[in-house]
Amino acid sequence: MTAPIEKTLNYGLRFANVFELDANGLPKANGVMAYEGTQFKGSTAFELTIPDARKLTGLGEDGITQVVYLPPQDGADARLNVEAADPVLAALLDGTKVATVGEASVIGIATDKQGFEPRVALLLYQAAKGLETGKTYWHSFIIPSAQVVRKSPGMGADKAVTQYQVAPNRVKKHLWGVSFSNSVEGFLEAQVLEAWSNYPLRICSFLGDGTATEFSFPVNYPAVATDGIKVWKNGVEVTSGLTKTVTGITFTTAPANNDVIVVLREVAG
């Protein structure tokens, strides 16, 4: 199946996920079991703010001589609204811990860790409807590196909504470690990547142990087809010595100890 190029109407927010990152900016694999990050359960809205370009207007002879647009001096940022309270995810994003006091779980708010939130990556997607065919596609944002600041709600008559401020970092590589290039992407640095696909995108990572050759996807989220599976090892695409199935991948030779394997695949909506 080819990548979609049809004009689409994008709507809703179906999925929002966060990944811990290792020292090289890759999803922090834990072993031969798939690491798929942590979902923001109860996500309701993702607002991406792109600053306006700077406009310089040249004047002369009682009129305008030329107009020049320059890059903005502020970076893109975003807000994610989530209705489900999740102390484990909150501590991960705050760079703190969940403490146990008696039979209660306790996390901090406005701690001395503010300003030192760990780097994470985000994947978000929504449904999209083709304007010509009416076919359902999927529209995604991938943020390869960001700090996420949690704003805990108070208490009132209405339901509580936690807001996460997302500050994307400007990076030179995809989340799977491949550098941007003028010949492929047409740019060398970016804060956010936007994608359209035939099915929802999912990213998972594994850590080689020098023995294992088979790496399975989570049982509930097999790939739709093998054509859409892309595999990278330590930031380099694997194009040989590899067998792909909808349930996982198998290497001819076991990846070395601590090799990081990142897989992008499309799953059923």
### Message
Based on this model, can you work out whether PRO255 counts as in contact with a Lys or Arg (Cβ under 7 Å, 6 or more places away or on another chain), surrounded by 14 or more Cβ atoms within 10 Å (Cβ to Cβ) and assigned to a loop (DSSP other than H, G, I, E, B)?
### Response
yes
### Task
Return only the number of the condition from (1) in contact with a Lys or Arg (Cβ under 7 Å, 6 or more places away or on another chain); (2) among the acidic types (Asp, Glu); (3) crowded, with 16+ Cβ neighbours inside 10 Å that GLU117 does not satisfy.
(1)
#### Entry: Residue selected from the stretch 173-205 under the condition among the aliphatic types (A, V, I, L, M) and either crowded, with 18+ Cβ neighbours inside 10 Å or touching a residue at least 24 places away in the same chain (Cβ under 8 Å) (or both), by the criterion farthest from MET33 (Cα to Cα)
ALA190
### Query
Which of the residues spanning the stretch 11-48 are among the polar types (S, T, N, Q), more than 15 Å from the chain's Cα centre (by Cα) and within 14 Å of TYR164 (Cβ to Cβ)?
THR44
### Message
Take the conditions crowded, with 17+ Cβ neighbours inside 10 Å and within 25 Å of ALA76 (Cβ to Cβ) and apply them to ARG170. Does it pass?
### Response
no
### Task
Kindly indicate which of GLY228, GLY208 is at pLDDT below 95 and surrounded by 14 or more Cβ atoms within 10 Å (Cβ to Cβ).
GLY228
### Query
Are any residues in the stretch 62-104 in contact with a Gly (Cβ under 6 Å, 6 or more places away or on another chain), not in a strand (DSSP E or B) and not small (Gly, Ala, Ser), and if so, which ones?
GLU83, THR96
### Task
Evaluate the following for ALA16: is it without any contact (Cβ under 8 Å) to a residue 40 or more places away in the chain, over 30 Å from ASN257 (Cα atoms), surrounded by 11 or more Cβ atoms within 10 Å (Cβ to Cβ) and not charged (D, E, K, R)?
no
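The values are calculated or read from the model by the stated rules, or taken from the named source; none is laboratory data. Remember, predicted model here, so these are calculated numbers, not experimental data. Every residue, glycine among them, receives a Cβ derived from its backbone with ideal geometry; neighbour counts consider all protein chains shown.
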